[in-house]
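The values are calculated or read from the model by the stated rules, or taken from the named source; none is laboratory data. All values derive from a computational prediction rather than experimental measurement. Note that we place each Cβ from the backbone using ideal geometry, even for glycine, and neighbour counts take in every protein chain shown. Protein only, heavy atoms only, side chains kept; ligands, DNA and RNA dropped before computing areas. Shrake-Rupley method; radii C 1.70, N 1.55, O 1.52, S 1.80 Å.
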Amino acid sequence: MEILNEIKFSMPSLSVNESAARAAVSSFIIQADPTVEELADIRTAVSEAVTNCIVHGYRNTQGKIEITVRLMPNREIYIKVKDNGCGIPDIKQAMEPLFTTAPEEERSGLGFSVMESFMDRLSVTSKVGRGTTVTMRKRLSIHGS
């Protein structure tokens, strides 16, 4: 797997860091010259992934969120968001629209649906008690096509 460029960073699972993650990913992928719409899609997907780590993965505790962003051949963007939180016992159920583990916080349960709608591919792996990894890919268009 050829990687053209890559950035990795981690941050504490504080809600104020959701915007920092979004900004850092945006700043890095801007070198691939995405359209405004593609950039907005990626920013939204990253926000949802990081928010899931904070709200569901660490559930009122603090941990570390690790993010890897890669620029791949053929204008493909690869993003991995990983936590070491509580994990997801049933990934299929968690990915159902409107399912949430935090109904008392009036969560919509649309995080994975939003990620799927804005990215070309979404993969979720998880182990209870060990954490969750969300991997997203998006192929950027060639301007003018």
* Per-residue [θ]222 nm for the chain (sum of -39500 (n - 2.57) over DSSP H runs n ≥ 4, rounded to 500) -> -8500 deg cm²/dmol
* Multiply the residue gap between residue 141 and residue 76 by 0.36 nm, knock off their C-alpha separation, and tell me the result in nm, one decimal place. => 22.5 nm
* Label residue 36 and residue 59 with points 7 Å out from Cα along Cα→Cβ: what is the distance between them in nm? -> 4.2
* Structure fact -> Cα-Cα longer than 20 Å, checked against 8/82; 64/138; 92/138; 8/92; 8/127, kept in input order, equals 64/138; 92/138; 8/92; 8/127
* **Sequence of 38, 2, 116 when ordered by accessible area, the most exposed leading, probe 1.4 angstrom** => 2, 116, 38
* What is the distance in Å between the Cα centres of the stretch 1-65 and the stretch 70-90? -> 10
* Structure fact -> The relative contact order of the chain, taking Cα pairs under 8 Å that sit 6 or more residues apart, comes to a percentage of 27
* Structure fact -> Largest fluctuation, 91, 42, 54 only, Gaussian network model of the chain with Cα springs under 10 angstrom, belongs to 91
* To do: Leaving ligands, DNA and RNA out of it, report the carbon-plus-sulfur percent of the accessible area of the chain at a 1.4 Å probe.
  => 51
* Structure fact -> Simple spin-label estimate for residue 23/residue 10, 7 Å along Cα→Cβ, in nm, reads 2.2
* Asked: Considering the chain as a Gaussian network with a 10 Å cut-off on Cα pairs, which listed residue, 22, 75, 43, attains the greatest mean-square fluctuation?
  -> 75
* Asked: Among 80, 138, 64, what's the order by accessible area (1.4 angstrom probe), most exposed first?
  -> 64, 80, 138
